[in-house]
1. Condition check: part of a helix (DSSP H, G or I) and either in contact (Cβ under 8 Å) with a residue 12 or more places away in the chain or out of contact with any strand residue (DSSP E or B) (no Cβ under 6 Å at 6 or more places or on another chain) (or both). Does residue 247 satisfy that?
2. Looking for something surrounded by fewer than 22 Cβ atoms within 10 Å (Cβ to Cβ), without any contact (Cβ under 8 Å) to a residue 60 or more places away in the chain and in a helix (DSSP H, G or I) - is there at least one such residue anywhere in region 217-225?
3. Test residue 189 against the criterion of being assigned by TED's automatic domain parsing to the domain that holds residue 114, in contact (Cβ under 8 Å) with a residue 12 or more places away in the chain, part of a helix (DSSP H, G or I) and surrounded by 15 or more Cβ atoms within 10 Å (Cβ to Cβ), and give yes or no.
4. Could you say which residue among 421, 399 is at pLDDT 95 or above, on the phi < 0 side of the Ramachandran plot and surrounded by fewer than 20 Cβ atoms within 10 Å (Cβ to Cβ)?
5. Give just the number: which of (1) within 20 Å of residue 314 (Cβ to Cβ); (2) modelled with pLDDT of 95 or more; (3) within 25 Å of the chain's Cα centre (by Cα) does residue 329 not satisfy?
6. Of the residues that make up region 359-368, is at least one over 30 Å from residue 252 (Cα atoms), in contact with a helix residue (DSSP H, G or I) (Cβ under 8 Å, 6 or more places away or on another chain) and modelled with pLDDT under 95?
7. Of the conditions (1) under 20 Å from residue 402 (Cα atoms); (2) modelled with pLDDT under 95; (3) surrounded by 21 or more Cβ atoms within 10 Å (Cβ to Cβ), residue 132 clears all except one; give me its number.
C-alpha cells in the first residue's frame with residue numbers, strides 16, 4: 001500500500017504546490033500590486049521554495065540542440081535508433097554545412113554511453129554527453145520508467161539488461177566503438193563484453209568504467225552495507241510494490257523511484273538542507289544565476305524512475321551480496337562470465353577520491369579480472385577531491401577527467417583517415433543530407 005499512499009499524498013499536495021507557485025510569482029512580478037508590499041521578496045522566495053519541495057518532477061529533456069566547436073555552431077539532433085520495451089538507444093547526430101568541419105567530424109570516434117539504471121534518468125548524464133560531443137559521435141542508453149511499461153511487455157532482469165547492451169553494440173558496430181559505462185552499468189557492460197569475447201565475437205576498441213561496483217567488497221559504502229545487512233527476502237518484502245492503477249504499468253512489481261530518492265537524500269540530509277537554504281538566500285539576494293543552478297540540479301536529481309523488481313533483486317543478490325563477478329561464478333543464460341577472455345578491448349577505469357557510492361578500488365578491480373588485456377592497453381585514474389557525481393558532471397569532469405578519457409579513446413581509435421577533398425553530398429553513404437533553415441547541411445555523426 002505504500003506506493004498507493006505515495007500517489008495519494010502527491011495528489012493532495014498538488015493544489016498546495018500550484019498555489020505556492022502562483023503566490024511566488026504574484027509577489028515577484030512587477031505588474032502585481034503584491035510585489036510592493038513589505039517583505040514581498042521574502043514571501044516570494046519562501047513560496048518558491050515550498051513549491052519546489054512539494055512539486056512532482058517529471059523526466060527532463062536532454063535539450064542538447066547545439067555545440068560550439070572551433071568557433072563553429074554545430075546543430076545537434078536527438079534521434080531514437082532502437083526502441084525496446086525498457087530502453088531506447090538514442091543518437092545525438094551532428095550536422096554542418098562547412099565541408100572542412102564535416103570531414104573533421106566524420107573522422108572522430110564513435111562512443112556508446114551506458115547510462116545507469118539505478119533510479120535516475122539518463123539525462124543525469126547531460127553534461128557527459130555535451131562534453132563528449134565536442135570530439136565524438138555519441139549514442140546513449142535511455143532507460144524507461146518501469147511504471148510506464150505495460151505488464152504485457154513481460155519481465156526485465158539483469159540478464160535482459162546485458163542482452164540489451166549486446167544488441168546495441170552489435171547495431172552500432174563493435175569494431176570501431178568505444179563504450180563508456182557510468183556507475184551501475186559498469187558491471188553488466190563488462191559482463192556483456194566478456195560474453196562477446198568468449199563467443200569470439202568482435203568487441204569494442206575500448207571500454208571505460210567510471211565509478212562502478214565491479215567488486216563491491218572493497219571499501220564498502222553505505223550503499224554496500226545496506227545490501228549486506230539484509231537478506232534478499234527482506235528486500236522483496238519491504239521495498240517491492242505493485243504499480244498503482246493510474247500508470248500504464250499497473251500491476252507490475254517494481255522498486256519505486258521515490259524510495260531510491262529517499263535513500264539518496266538520507267545519505268546526506270544536512271547537505272541537501274543547506275542547499276535549499278542557499279537557494280532561498282540566493283532568491284533574496286536576487287542572484288538568479290545561483291538560483292537557476294539550484295533549480296537545474298534538483299530538476300534532474302529529483303526526477304526518478306521505477307526499476308522492475310526482478311532486475312533490482314537480481315542486481316542486489318548478484319553484485320552486492322554474492323559478488324559473483326569478482327568470485328568468477330556469474331552465469332548468464334547458461335554462460336559463465338569470463339572477463340579474462342577479453343583480449344582486444346583496451347580498459348580504462350576511473351574513480352573519484354571522495355566517491356561515497358562506489359568505494360575506492362571497486363572499479364579498479366576490473367584490471368584484476370581482465371587478465372587477458374595487455375598492460376599497455378590498460379589505464380587507471382583516480383580524480384582527487386572528486387565525489388561520485390563529479391566523475392561525470394561538472395568542472396572536474398570537464399577539465400580533469402575528460403581530457404584523459406579523450407586521449408585514451410584517441411590512442412586506441414585507429415579508423416583510417418578519410419579523404420579530405422570529398423564533396424559534402426558524398427560524406428556519408430548510409431545517410432542522406434538534411435535541410436535546416438533553408439541551408440543544406442551534411443550529417444556527420
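The values are calculated or read from the model by the stated rules, or taken from the named source; none is laboratory data. Here the structure is a predicted model, which means the values were calculated and not measured. Neighbour counts run over all protein chains shown; Cβ positions are idealised from the backbone, glycine included.
1. Values: part of a helix (DSSP H, G or I): no; either in contact (Cβ under 8 Å) with a residue 12 or more places away in the chain or out of contact with any strand residue (DSSP E or B) (no Cβ under 6 Å at 6 or more places or on another chain) (or both): yes.
It is false that residue 247 is part of a helix (DSSP H, G or I) and either in contact (Cβ under 8 Å) with a residue 12 or more places away in the chain or out of contact with any strand residue (DSSP E or B) (no Cβ under 6 Å at 6 or more places or on another chain) (or both).
2. Within region 217-225, the subset surrounded by fewer than 22 Cβ atoms within 10 Å (Cβ to Cβ) is 217-225.
Now narrow it down to the ones that are without any contact (Cβ under 8 Å) to a residue 60 or more places away in the chain: 225.
Now restrict to residues that are in a helix (DSSP H, G or I): 225.
Scanning region 217-225, I find at least one residue that is surrounded by fewer than 22 Cβ atoms within 10 Å (Cβ to Cβ), without any contact (Cβ under 8 Å) to a residue 60 or more places away in the chain and in a helix (DSSP H, G or I), so the answer is yes.
3. Against the criterion (assigned by TED's automatic domain parsing to the domain that holds residue 114, in contact (Cβ under 8 Å) with a residue 12 or more places away in the chain, part of a helix (DSSP H, G or I) and surrounded by 15 or more Cβ atoms within 10 Å (Cβ to Cβ)), residue 189 qualifies.
4. On the way: 421 fails: at pLDDT 95 or above.
Step by step, each of 421, 399 is checked, and only 399 is at pLDDT 95 or above, on the phi < 0 side of the Ramachandran plot and surrounded by fewer than 20 Cβ atoms within 10 Å (Cβ to Cβ).
5. (3)
6. Filtering region 359-368 for residues over 30 Å from residue 252 (Cα atoms) gives 359-368.
Filter once more, so that each one left must be in contact with a helix residue (DSSP H, G or I) (Cβ under 8 Å, 6 or more places away or on another chain): 359, 363, 365-366.
Retained after the next criterion (residues that are modelled with pLDDT under 95): 359.
Yes: one or more hits.
7. The one condition residue 132 does not meet is (2).
The rows are residues; the columns are (1) in contact (Cβ under 8 Å) with a residue 40 or more places away in the chain; (2) outside the structural domain of residue 359 (by TED's automatic domain parsing).
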residue	(1), (2)
292	no, yes
297	no, yes
311	yes, no
315	yes, no
323	yes, no
334	no, no
